[in-house]
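**Student:** I have a structure I would like to understand better, so I am pasting it below and will then ask my questions one at a time.
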Amino acid sequence: MMVERTRLGAPVMVREEAVGGYCARGATVFPQALALANSWDPGLVEEVAGAVRRQLLAVGARQALAPVLDVARDPRWGRLEETYGEDPVLAGTLGAAFVRGLQTRDLSTGVVATGKHFLAHGLSDSERQGSRADGSREQGKRLTGGLAPRGAGRCRPGGCALGTG
């Protein structure tokens, strides 16, 4: 139905929030990314994402709104727990592991990962969620050291969406 009976004839891609697991009644709730980051274990993160992938596929979802790839810069920021912490190398390594677990080597059996809040979402003025962010190059370099999360850009062509905010 969602392929043949849409108004414009375009197929619908079912997506779900998945930062702490598939967000639905009866689904497994996993630790937030910040807690997983404390393991320093990319294999564990990939395994968690694999479990999330299986649950998403079971309900027909083919896109996950996860992982959050922003680097935490201020503990007052309201979305800090969704990040893999303040180290760009760790955040990139674990973010890439989560993407691998969702997408698998063959995306036809995987779920498209959507890297969210990529670089600077956590740089808002006064560290509040809805505040404006200073997007100047100078501000970004000062707060991030000029580094995007390493490894975060290793998504295969056609397999990773990036959300900026």
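Just so it is clear, none of the values below were taken in a lab; they were calculated from the coordinates. These numbers were taken from a predicted model, which means no experiment stands behind them. As a convention, Cβ positions derive from the backbone with ideal geometry for all residues, glycine included, and neighbour counts pool all protein chains shown.
**Student:** Using Cβ contacts closer than 10 Å as the measure, can you line up Arg62, Arg76, Arg7 from fewest to most?
**Tutor:** Least to most surrounded, the residues fall as Arg7, Arg76, Arg62.
**Student:** Multiply the residue separation of Arg76 and Glu47 by 0.36 nm, subtract the distance between their alpha-carbon atoms, and state the gained length in nm to one decimal.
**Tutor:** 7.5 nm
**Student:** Relative to the present Cα-Cα distance, how much length would full extension add between Arg62 and Val29 at 0.36 nm per residue of separation?
**Tutor:** Working it through step by step, the gained length comes to 10.0 nm.
**Student:** Sort Val68, Val19 so that the residue with the fewest other Cβ atoms within 10 Å of its own Cβ comes first and the one with the most comes last.
**Tutor:** Val19, Val68
**Student:** Quick check: from the Cα gyration tensor, does region 1-69 come out rounded (a/c under 1.5), prolate or oblate?
**Tutor:** In terms of gyration-tensor shape, prolate.
**Student:** Can you pull the one-decimal nm distance between simple spin-label points at Arg15 and Trp40, each 7 Å off the Cα toward Cβ?
**Tutor:** Distance between the two pseudo-spin positions: 3.4 nm.
**Student:** Given H placed on each backbone N at 1.01 Å, which residues far from Val112 in sequence or on other chains put an amide H within less than 5 Å of it?
**Tutor:** So Val112 has HN proximity to Gln63, Ala64.
**Student:** Still on this structure: Can you put Phe98, Phe30 in order, fewest other beta carbons within 10 Å first?
**Tutor:** With the fewest neighbours first, Phe98, Phe30 line up as Phe30, Phe98.
**Student:** A further question on this structure: Give the peptides 101-108, 21-28 in descending order of average Cβ contacts within 10 Å, highest first.
**Tutor:** So the order, starting with the most tightly packed, is 101-108, 21-28.
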